[in-house]
Amino acid sequence: MEEYTFSAEDIAEFRELAGRFSRQTIQPYLNSEFSDGDMSKIDGIISAGKQAGLWADRENSLGIWGTDHSHAALSLEMLSALASSCAGVAVLFHSNGLAQRIFYDGGGSSGLPLLCALQESERPPAARLFLSHNTTLKDEDPKGVLTRYFVPVPEKSGALITFTRRNGRIALVLFELNKSVLKEERVRERLGLRACPLSHFHIAANATGLTLSEEATDLLRKGWYMHWLGLSAIAVGIARGALKAAREYCRQRYQGGTVIRDHDAIQTLLVNAQTALYTAESMLQHNRTLSDISPAHLTQAAMTKLSVMELCASAVTDSLQTFGGYGYMEDFGMEKRLRDMNTLRTMSGSPLYLRRLIFELSEEL
Amino acid sequence: MESLEDKLRMPNAAKRLSAIGRWLVDVRPLTLWQRDTMTLDRGARKWRKRALDFSRRHIRPVAFEADYHHKNFDVLPLMNLAARNGMLSVLMIPPLGRASVRPYLKSAVFQAALIGEEFSVESGGIGLLFMAHYLGLAPLLLAGHIPTYVRHYLPLQYKSKTEHPVLMAFAITEPQAGSDVEHTEGGAKARLVTTAEPCDGGYRLNGSKVFISNGKIAQKLTLFAQIGQEGLDSWTCFLLDKEMPGLSVGRQERKMGQRPSDASEIILQDVFVPHKNVVGKLRDGWAINKNVLNYSRPVVGAMALGQARGAFERTLEFCRETFLGDKRLLDYQDVQLQLAEMIIQLWAARSMVWHSCSQLRSNPSASAAAKVFASDTAYKVCTMAMELMGDHAYLGKYGVERALRDTRLAQIYEGTNQINRLAIIEQQWDVELSAEPS
């Protein structure tokens with residue numbers, strides 16, 4: 001597999017490409033009756049994403065988390081650009097790319113649409129799983145049902161890849177969905193990111209699955225590393241979109257006989273949002289590699305998610321506040337950003353979990 | 001056999017004290033809710049308990065439906081039931097209302113604030129349904145105008161006790177004047193569109209109001225309009241009946257939360273309002289409006305507090321039932337620290353709200369401070385609750401994400417929290433901030 005290296009100009013071009021896609025393809029999807037967009041158009045967005053080369057698969061290996069590059073910045077910039085319009089759509093692209101990348105890095109070669117279930121229980125793994133080469137792991141009960149929670153379902157897929165404990169080690173296994181799955185339980189009413197379907201999968205006890213990699217601890221680490229950085233990039237995108245929308249609104253809206261941008265109270269909110277966003281962007285830029293993800297890298301990614309989410313949540317709520325009552329209504333898209341942001345914040349690793357993990361991983365280093 | 005740790009716990013350790021020593025320490029096994037309730041007058045205690053009971057029995061079972069499927073949820077049976085139980089008539093003492101006399105004489109809105117908190121624990125939107133009704137009634141009370149009392153306030157209060165109350169709404173916000181009608185400096189330059197032109201026998205009202213809570217379901221509105229084009233200084237409060245020709249309900253906003261209560265546009269096209277429906281005196285509107293806000297802001301704080309308490313209670317239940325490894329979430333120290341922080345924040349917010357309700361005459365600074373502190377705190381507590389629940393936090397069935405959506409509105413309505421902060425400055429300016437030290 002040939003890997004390309006990218007200059008800052010190259011990355012800027014990809015960012016611009018994703019930005020155009022965001023404005024021209026995702027934005028119209030949001031102009032519907034509901035602030036979460038018209039779900040019937042999601043398939044069209046994915047098709048367009050494939051044509052634009054943003055949707056990673058066998059043919060688009062330069063897309064988001066595509067296999068032909070080992071530089072995280074490319075994918076992170078593109079995710080932020082998509083999320084500035086719709087974070088739910090960005091999560092779709094992110095989840096697909098992550099599944100493809102783990103699959104190919106794990107030795108897969110089928111070119112199927114895939115789901116990736118990183119989360120082996122109702123919450124992310126404990127630190128010892130990320131360091132399992134020193135640990136004896138208990139195999140998952142062969143008689144029990146294997147359940148994978150909160151799995152993003154980017155498109156109708158033929159297979160699900162997941163990490164499971166086999167022979168005392170962490171293995172990467174592929175399950176065919178039609179044969180293996182006892183039940184797919186769709187997660188319905190929820191706060192945000194509604195453009196991206198989520199499901200719990202209950203996999204039959206007798207489903208053996210295809211073992212792609214017998215020792216996949218490194219891949220597990222890499223998966224979570226990419227996941228947390230990807231979600232952080234999406235948070236940055238939401239905050240950028242929110243701040244941009246707030247600035248535009250503040251230039252047009254009059255109160256007290258003047259545009260509200262001239263009010264000190266509004267300027268304070270905007271500056272606070274801008275500063276929080278800048279700090280989050282700076283932090284995200286420190287995480288660049290996609291090769292040889294060590295526990296130290298994973299710790300950094302966990303710290304990045306922990307901090308970036310806080311900063312971006314603060315930027316989004318400050319931006320929303322400038323809209324007054326209109327910020328709370330669906331028309332301006334700000335309430336959607338707030339909902340999406342708060343979903344991301346607790347998704348796949350809440351602050352409480354991350355703090356514990358960072359401590360435990362740091363103790364081992 | 002009792003362990004050393006058990007012996008060291010205060011209830012056991014206190015047994016060794018002398019009788020006076022034991023009396024000086026309160027180690028009774030009471031919840032924080034019970035302790036707070038015990039500090040109240042008997043009448044207020046009664047309403048707090050009744051509201052809690054009503055909320056759990058009648059609001060909790062419908063809270064999810066009322067939010068997620070709010071378009072199909074009929075709120076009127078619930079409101080009628082609540083009215084029959086006295087929940088809509090605590091802005092007046094018997095025989096016309098049902099407020100307990102002693103706490104009412106300390107603060108007219110305190111009992112409403114207690115109900116607002118308890119109802120909002122289960123559903124912020126349903127809490128708003130009731131509090132918006134009180135808000136609609138408030139100008140009639142606060143105008144301090146005997147003819148208004150006799151003609152309108154007392155009959156409406158009486159109806160509020162019955163199974164078929166006349167539901168009220170309060171209408172000040174205009175499309176181009178949100179914060180402006182809640183703050184003096186902005187008010188002077190506000191772009192108002194709702195006008196009242198004098199005519200034979202009364203006034204003709206034209207214009208529109210937006211974001212009116214309960215605008216769709218209310219039967220009567222207290223609505224503010226400028227006289228001719230005279231500006232906010234001429235603002236006058238009118239009591240409008242929904243049946244008046246020319247009055248219609250326009251767009252209903254699609255909100256992030258508090259969805260059981262509609263936020264509607266009110267359109268006025270040559271609506272004739274007779275002289276007798278002027279609330280208070282002509283051109284009293286601005287002062288009445290400001291005073292209504294003084295009384296309503298602590299209630300908004302109480303509602304926010306209730307929403308956050310709901311998030312806390314549901315999270316606590318989750319932490320009790322959920323295991324991480326071989327321990328319940330509740331048994332982890334970092335979880336305990338976070339829960340303790342939430343309790344502290346909620347307690348502090350309640351103290352502010354109750355303090356601001358502790359005087360018969362409202363204090364603008366105390367009202368604004370209570371609203372700002374309680375609403376900011378509530379949002380913070382809801383985000384902390386979400387942290388504890390991880391991925392489950394964003395699922396609708398747990399009700400924590402609903403509390404977060406609901407409580408975000410408290411930082412915006414009744415004047416954004418920025419406007420409320422400036423209200424404190426305005427109130428304290430001459431006497432304290434810009435004055436030379438004495």
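Each value in this text was obtained by applying a stated rule to the coordinates, not by laboratory testing. Values in this document were obtained by computation on a predicted structure and should not be read as measured data. No Cβ is skipped: glycine too gets one built from the backbone with ideal geometry, and neighbour counts run over all protein chains shown.
Put one equal scatterer on each alpha carbon of the stretch A:218-364, apply the Debye formula with no solvent term, and list log10 I(q)/I(0) at q = 0.15, 0.18, 0.21, 0.22 1/Å to two decimals.
-0.73, -0.94, -1.16, -1.23
If we count GluC sites (Glu not before Pro) as exposed when they sit in a DSSP loop and have at most 16 other beta carbons within 10 Å, what is the longest stretch of chain B that avoids them all? If you can, show how the numbers build up before the last one.
Working: sites that count: B:GLU2, B:GLU163, B:GLU230, B:GLU243.
Here the longest run is B:244-438.
Taking 29 Å as the cut-off for C-alpha to C-alpha distance, list the pairs among B:LYS46/B:LYS159; A:LYS336/B:LYS49; B:LYS216/B:LYS371 that go past it. Walk me through the numbers before you get to the answer.
Values: B:LYS46/B:LYS159 22 Å; A:LYS336/B:LYS49 37 Å; B:LYS216/B:LYS371 26 Å.
Distance filter (> 29 Å) returns A:LYS336/B:LYS49.
Name the residue farthest towards the positive end of the dipole of chain B from the options B:VAL75, B:MET10, B:SER358, assuming +1 on Cβ of Lys and Arg, -1 on Cβ of Asp and Glu, about the Cα centre.
Result: B:MET10, furthest along the dipole toward the positive end.
Return the average number of partner chain Cβ atoms within 10 angstrom of each residue Cβ along peptide B:382-392. Intermediate results must be reported in sequence, preceding the final value.
Working: counts 1, 7, 2, 1, 8, 8, 5, 4, 12, 16, 6.
Whole-number average of other-chain Cβ neighbours for B:382-392 is 6.
Restricting things to alpha carbons, find the Rg to Rh ratio for the stretch B:171-225 using the Kirkwood radius for Rh.
Numbers: Rg = 12.3 Å, Rh = 12.2 Å.
That ratio is 1.01, to two decimals.
Using a Gaussian network for chain A with springs between C-alpha atoms less than 10 Å apart, which of these wobbles most: A:LEU177, A:LEU98, A:LEU76?
Comparing A:LEU177, A:LEU98, A:LEU76 in a Gaussian network model of chain A, the most mobile one is A:LEU177.
In whole angstrom, how long is each semi-axis of the equivalent ellipsoid of the stretch B:291-427, when you take the square root of 5 times every eigenvalue of its Cα gyration tensor and sort them from largest down? Don't jump to the answer; show the numbers that get you there.
Numbers: eigenvalues 205, 39, 22 Å².
So the three semi-axes of the stretch B:291-427 are 32, 14, 10 Å.
D for the stretch A:114-217, whole µm²/s, Stokes-Einstein with Kirkwood Rh over alpha-carbon pairs at 10 °C and 1.306 mPa s: what number? Working shown, then result.
Numbers: Rh = 14.3 Å.
Answer from the Stokes-Einstein relation: 111 µm²/s.
For the stretch B:222-242 and the stretch B:255-313, what is the separation of their C-alpha centers, rounded to whole Å?
Centre-to-centre (Cα) distance: 15 Å.
Going out from 0 in 10 Å bins, what whole percent of all Cα-Cα distances in the stretch A:258-321 drops into each bin?
Calculated P(r), rounded to whole percents: 21, 38, 23, 13, 5, 1.
In degrees between 0 and 90, to the nearest 10, how far off the longest principal axis of chain A does helix A:72-83 point, with axes built from Cα atoms?
50 degrees
Provide a whole-number value for the mean count of partner chain Cβ atoms within 10 Å of the Cβ atoms in peptide A:320-327. Walk me through the numbers on the way to the answer.
On the way: counts 4, 6, 2, 3, 11, 12, 5, 6.
Taking all residues of A:320-327 together, the mean is 6.
Averaged across the residues of B:320-329, what count of C-beta atoms belonging to other chains lies within 10 Å of each residue's C-beta? Present the calculation step by step, with values, prior to reporting the outcome.
On the way: counts 0, 0, 2, 0, 6, 1, 0, 0, 0, 1.
So the per-residue partner count for this stretch is 1.
Which whole-number percent of Cα pairs in the stretch A:8-105 have a distance greater than 17 Å? Don't jump to the answer; show the numbers that get you there.
Details: 2130 of 4753 pairs.
Here the tail beyond 17 Å accounts for 45 percent of pairs.
Any chance you could check the Cα centroid distance between the stretch A:18-82 and the stretch A:155-204 for me, in angstrom?
22 Å
May I ask for the Kirkwood hydrodynamic radius of the stretch B:168-286, worked out over all distinct Cα pairs and given in angstroms to one decimal? Write out the running numbers ahead of the final one.
Values: mean 1/r = 0.0706 Å⁻¹.
Final number for the Kirkwood radius of the stretch B:168-286 is 14.2 Å.
Mean projection of the alpha-carbon convex hull of the stretch A:1-51 over all orientations, in nm²?
Working: hull surface 19.3 nm².
Over all viewing directions, the stretch A:1-51 projects a mean Cα-hull area of 4.8 nm².
So how many Å³ per residue does the convex hull of the Cα atoms of the stretch A:216-284 work out to?
Given the Cα convex hull of the stretch A:216-284, per-residue volume reads 64 Å³.
Using the Kirkwood formula on the Cα atoms of the stretch B:289-368, what hydrodynamic radius do you get, in angstrom to one decimal? Walk me through the numbers on the way to the answer.
Values: mean 1/r = 0.0696 Å⁻¹.
About 14.4 Å, per the Kirkwood formula over Cα pairs.
On C-alpha positions alone, give me the angle between the axis of helix A:87-105 and the longest principal axis of chain A, in degrees, nearest 10.
Helix A:87-105 and the main axis of chain A meet at about 30 degrees.
Given the convex hull over the Cα atoms of the stretch B:32-160, what projected area results after averaging over all orientations, in nm²? Before the final figure, lay out each step's value.
Values: hull surface 32.3 nm².
The Cα convex hull of the stretch B:32-160, projected and averaged over all directions, gives 8.1 nm².
Largest first and to the nearest Å, give the Cα extent of the protein assembly as shown along each principal axis.
That gives 86, 74, 58 Å along the principal axes, largest extent first.
Under 19 Å Cα-Cα from A:LYS156, which aspartates and glutamates qualify once same-chain neighbours fewer than 8 residues away are excluded?
Output for A:LYS156: A:ASP38, A:ASP43, A:ASP57, A:GLU59, A:GLU176, A:GLU184, A:GLU185.
Please report, in cubic angstrom per residue, the volume enclosed by the convex hull of the alpha-carbon atoms of chain A. Walk me through the numbers on the way to the answer.
Values: hull volume 47.7 nm³, N = 365.
Convex hull of Cα atoms, per residue: 131 Å³.
Once all Cα-Cα distances of chain B are split into 10 Å bins that start at 0, what whole-number percent is in each one?
4, 20, 30, 24, 12, 6, 2, 1, 0
Taking the Cα atoms of the stretch B:226-347 alone, what are Rg (to one decimal) and Dmax (as a whole number) in Å?
23.7, 72
Residue by residue, what Karplus-based ³J(HN,Hα) values in Hz, rounded to whole numbers, does the stretch A:10-25 have, using 6.51, -1.76 and 1.60 with θ = phi - 60° and x for Gly and Pro?
Result, rounded to whole Hz: 4, 4, 4, 5, 5, 4, 5, 4, 5, x, 5, 4, 4, 6, 8, 10.
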